[in-house]
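Take a look at the structure set out below.
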Amino acid sequence: MMSRALEQSRGGRLPQRWWAQFRVDGWLLAGVLLLMAAGLLAIYSASEQNLALLYRQLIRYGIALLVMLTLSQLHPRYLRIWSPWFYAGMLLLLGLVLVVGSGTGASRWLDLGVLRFQPAESSKLAVPMMLAWTLSRLQLPPGLFSVLPALLLLLLPCALIAVQPDLGTAIMIAGSGLLVLFFSGIAWRYMLAAALTGVAAVPVVWSLLHEYQRNRVRTFLDPESDPLGQGWNIIQSMTAVGSGGWHGKGWLQGTQSHLEFLPEPHTDFIMAVIAEEFGWFGVALMLLLYAGITLRGLYLAAQGRDSFARMLGSALIMTFFFYVVVNTAMVSGLLPVVGVPLPMVSYGGSSAVTLAAGFGILLSLYKHRKIWS
Amino acid sequence: MAGRRKARFQERMLDPSGRSSRPALVQDHELRARLLRRSLLAAIVVLMTMLALAGRYWYLQVPKYQQYVSRSNDNRLRLHALPPSRGLIYDRQGVVLADNRPAYRLEIVPERIDRSMDELLQELAQRVRLNEATLKTFRQRLRAQPAFTPVVLRYDLNEQEVARLAVERFRLPGVEITPYLTRYYPFASLFTHVLGYVGRISAADQATLDRQNYRATNYIGKSGVEAYYEPQLHGRSGFQQVETNAAGRVVRVIRQQDAISGDNLHLSLDLQLQRSAALALGDRAGAVVAMLPASGELLVLYSAPSYDPNLFINGISSNDYQALLSNPLRPLFNRALQGGYEPGSTLKPFIALTALALQAVDADEVFVSTGEYRLPNSERSYRDWKRGGHGRVVLRDGIVQSVNTIFYELARRLGIDNLHDGLSQFGFGAPVGVDLHGEISGVLPSRAWKQARLGEVWFPGETVISGIGQGYNVVTPLQLVHATAMLAARAPVPTPQLRPASAQPPTPAEPASPAALLLNGQPVQPQHWQLVEQAMVDVVHSSTGTARAVASDQFIMAGKSGTAQVYSRVQGAELLETDQRELQDHALFIAYAPAGQSRGDRALARPAIAVAVVVEHGGGGSTAAAPVARAVIENWLQRP
């Protein structure tokens, strides 16, 4: 069977052959497309029916889909081989952005003339890839001596991002690395130790935080203490959510978002717009969709052909889920305001493209699963 | 434990590639199971977390729904009060005396400015006039108001200032130019003492007014008609429920109830007549009041010197205010209402009527005037103004030539209490009840009054000088014109009003026939009215009348002059010969026309008018005050 396929690929017509080999998981693709549809609907409303903005997002979605589908057809071995190089390149860029980066208040962007690029974005993929690569080369489940180099590989980019400063992204990337470790089957006692270390590190981290970051945490703990300043975002977001009720005020009818009470309604707080306009039913539908995509992703990852595939796939989909949780919890006042967009729905290009690339990798890992079954 | 290690070893051994650079395919069943458990654990965590998040949103959206809905509504819905436009004030011909003029004020929203307040004020000072007082009141308002509401910096910007600011508005965020209506008095000082003026609502005003209705109102009547008719002029404020965005800008109006404009007031005042009074008075201090006896309508109410009420509307500058306060002629003082003057001889017609009614005198009783009057058993002599006296005279001559001795005697015969009761029928000693605040009651002395006021007994000599309107007597120009109107009407007259009943919606009630004036419980006899009128006509028209100089051949005018002593002369001393203005007597004159044969003359086709004039330090009543009265009457009667 194998040899016949190879034979066909040599002698047959190429386009048909290429098409025949193109396979993606329909459920995951459908889930992503539904998210994009929800995103367009919500952005249209949140941006005051700004069509130009909608077109830009549409183009970004197009690029994201293209990246996703392209990556999905790539053989995982390339991903594996590229992992160290990708990681090294990312470290270089993170170093560079600290020197020549641009951005207001924090240097996060690299201006390449034609496009502006956020190196931290690439680490969302590079870090889990590198960790999966490292761990997969070692004995599984990893012992203490294989965890330590992995942690080092994780902390280096996180530290570089944290000093930009972009604490939110640093935490998210640290989370994605820890997820790789989790899916490597690491012993619970190490995880317990890590958790305790984390708790012990809180005062140290607090002392290292910038004042505005501390204020965000303070405000989160007591938003009413400064209702017009720092607390504004949390209060207005919760007001938007709460006033949505069971079925919401109706599409385009949200007063909190349209009257500018809600900060950044089409980016980080788009869930508040959905909650306000479509009510709890809308929220539940979105959460259901996210849960479905995540569970499907976990299922796909669990069928990976090797430990690299499994670790990477599971970590990527759980990172995606992690983003969903952090964003929705922030919007509903459960977490402090950190700049984490709602995956695939919030307006913005780099996040969507990175996430789509993650999905592409996941699809690729799944597509090439069958070698051992 | 050992088995697990062995399995791991086997896994590595079994690695088909044999190269450590390639990850092991997951063939170790134990590891596979372990990784699968992790995936399963992750799936459970996913489901639990999603459930928890759905629960969180449910908590906000269902049990807390009401709280957040009302908060969302509080966010977006604002109630804006709409100020009613203040009623205009017209004179009897329909000329606007108090107008609403569109103006612009400069406001700053402290929350929205992009620099420090001091920098902004410096910047603005280069474009609009800002003096110390303006800045001071601005800072007071700044402290009292929340930062998101506009705080007024300057009222009534001129055109250049508006233009300069409008051009640069884009680079001055938080600076707003707001149109509003401000009061404007086109005739400036002419009507100040009658119309009063409006001003900014003060803390004292706040305490008494209906805050709900004045939410959007800037001005309140401070004095005069503006204050008296405040409820009618103000109107009802409306409201507008608007949806605002986070910046406080109005996005749309949800519902609106329009403000109801204040009533326009049509006053009985007459611009031409008021102007003629002011012109005749010139730069002398004094007051002129004129009314229609038949209806009580006030035609003129003028007090001089006056001042420009427009200065007060947006807060008078302290310089201007100091100038008004330090002016020795006291322009702020409303002489027509609050000026208490000794009536002097102007009281004589009323005393004559009282004496006739009480039969204390006959029309033909002859008095001998020697220029001196003594009470029985008294050394003290009371003088006539004419040295040597007027000789043999009757009551009528007493009025025409203003013979004091007759009235000394009449007062003595009547006694102070009868005199008081008689004169009080003409409205002396009590506010006439004009529709303005602050009217004084004057003094109509009696035994009871003196006992109550001074705690002293009455002396007979005080009765004597009361006979010529001196002593304790104090009247206002308004009281004088009111009493004079009774002479003209020969009956009690309606209360002098600026906004008479006739200007209000007519009532279906039958107008009552005028009641007769009762003196001593009896209606005044027509022949007594006739006698007094003839005497007053002679004051003006006979060769012996004190005011013959002002006689007109166009109409017949009844009048009586009076002189109020500023410094009482020491008995027997020479008349004070002085040029010093402030030592000169006050000149008074009361008059009405048409009178005498022309009374009821249809050819004139003008209703009778009564006038009272006071010229402070003017000297003699007939020389200083009578021409003013004549000018007003002439203007009224000879108007085409």
Next item on the list: Could you please find all residues in the range B:297-308 being crowded, with 23+ Cβ neighbours inside 10 Å and not polar (S, T, N, Q)?
Entry: B:Glu297, B:Leu298, B:Leu299, B:Val300, B:Leu301, B:Tyr302, B:Ala304
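Here's the yes/no breakdown for (1) loosely packed, with under 12 Cβ neighbours inside 10 Å; (2) part of a helix (DSSP H, G or I); (3) not polar (S, T, N, Q):
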| position | (1), (2), (3) |
| --- | --- |
| B:Glu119 | yes, yes, yes |
| B:Gln122 | no, yes, no |
| B:Arg127 | no, no, yes |
| B:Leu135 | no, yes, yes |
| B:Arg143 | yes, yes, yes |
| B:Phe148 | no, no, yes |
| B:Val152 | no, no, yes |
| B:Leu157 | no, no, yes |
Checklist line | Sole exception among (1) among the hydroxyl-bearing types (Ser, Thr, Tyr); (2) modelled with pLDDT under 85; (3) surrounded by fewer than 17 Cβ atoms within 10 Å (Cβ to Cβ) for A:Ser107, by number | finding: (3)
Check: Do we have B:Arg200 as under 30 Å from B:Leu120 (Cβ atoms) and either of a type outside the set (A, V, I, L, M) or more than 14 Å from chain A (Cβ to nearest Cβ) (or both) here?
Finding: yes
Note to self: Restricting to the range B:56-71, name every residue that is more than 7 Å from chain A (Cβ to nearest Cβ) and either in contact with a Cys (Cβ under 9 Å, 6 or more places away or on another chain) or under 11 Å from A:Leu334 (Cβ atoms) (or both).
What the structure shows: B:Tyr59
Checklist line | Condition met for A:Val273 (in contact with a Pro (Cβ under 6 Å, 6 or more places away or on another chain), at pLDDT 90 or above and buried (at least 19 other Cβ atoms within 10 Å of the Cβ)) | finding: yes
Check: How many residues are surrounded by 14 or more Cβ atoms within 10 Å (Cβ to Cβ) and at pLDDT below 80 if we restrict to the range B:244-261?
Finding: 4
Next item on the list: Specify the residue that is nearest to A:Ser257 (Cα to Cα); the eligible residues are those in the range B:230-261 that are away from chain A (no Cβ under 14 Å) and assigned to a loop (DSSP other than H, G, I, E, B).
Entry: B:Asp258
Check: B:Met50 fails exactly one of the following numbered conditions: (1) facing another protein chain (nearest Cβ under 10 Å); (2) in a loop (DSSP other than H, G, I, E, B); (3) in contact with a Leu (Cβ under 8 Å, 6 or more places away or on another chain). What is the number of that condition?
Finding: (2)
Next item on the list: Please find, within the range B:335-350, the residue that is surrounded by the fewest Cβ atoms within 10 Å (Cβ to Cβ) out of those that are charged (D, E, K, R) and more than 10 Å from B:Ala287 (Cβ to Cβ).
Entry: B:Glu342
Margin query: With the requirement that a residue be in a loop (DSSP other than H, G, I, E, B), in contact with a Phe, Trp or Tyr (Cβ under 7 Å, 6 or more places away or on another chain) and surrounded by fewer than 24 Cβ atoms within 10 Å (Cβ to Cβ), what does the range B:407-441 give you?
Written below: B:Asp435, B:His437
Checklist line | Whichever residue in the range B:442-470 is touching a residue at least 40 places away in the same chain (Cβ under 8 Å), among the small types (Gly, Ala, Ser) and in a loop (DSSP other than H, G, I, E, B) and, among such residues, is nearest to B:Gln522 (Cα to Cα) | finding: B:Gly467
Checklist line | Selection within the range B:56-71 - aromatic (Phe, Trp, Tyr), crowded, with 18+ Cβ neighbours inside 10 Å and over 30 Å from B:Gln256 (Cα atoms) | finding: B:Tyr57
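One line per residue, one yes/no per condition, for (1) surrounded by 17 or more Cβ atoms within 10 Å (Cβ to Cβ); (2) more than 14 Å from chain A (Cβ to nearest Cβ):
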residue	(1), (2)
B:Arg38	yes, no
B:Ile44	no, no
B:Ala54	yes, no
B:Asn73	no, no
B:Ala81	no, yes
B:Ile89	yes, yes
B:Ser116	no, yes
B:Glu132	no, yes
B:Phe138	yes, yes
Next item on the list: Kindly indicate whether B:Ser85 is in contact (Cβ under 8 Å) with a residue 40 or more places away in the chain and either surrounded by fewer than 19 Cβ atoms within 10 Å (Cβ to Cβ) or outside the structural domain of B:Val253 (by TED's automatic domain parsing) (or both).
Entry: yes
Notebook entry, point to check: Which of the helices (runs of 4 or more DSSP H) contained wholly in the range A:224-333 include at least 2 residues that are touching a residue at least 24 places away in the same chain (Cβ under 8 Å), within 9 Å of chain B (Cβ to nearest Cβ) and in contact with a Gly (Cβ under 8 Å, 6 or more places away or on another chain)?
Noted result: A:232-242, A:270-302, A:307-331
Item checked: Selected residue (criterion: modelled with the lowest pLDDT) from residues of the range A:41-57 that are touching a helix residue (DSSP H, G or I) at 6+ places or on another chain (Cβ under 7 Å) and either among the small types (Gly, Ala, Ser) or over 14 Å from A:Ser346 (Cβ atoms) (or both) -> A:Glu48
Notebook entry, point to check: With (1) without any contact (Cβ under 8 Å) to a residue 24 or more places away in the chain; (2) part of a loop (DSSP other than H, G, I, E, B) as the list, and B:Pro186 as the residue in question, which single condition is left unmet?
Noted result: (1)
Notebook entry, point to check: Of all the residues that make up the range B:229-252, how many are farther than 14 Å from A:Thr255 by Cα and of a type in the set (A, V, I, L, M)?
Noted result: 1
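The values are calculated or read from the model by the stated rules, or taken from the named source; none is laboratory data. Predicted model, so just to flag it, every value in this text is computed and none were measured. Positions of Cβ are backbone-derived with ideal geometry, glycine not excepted, and every protein chain shown enters the neighbour counts.
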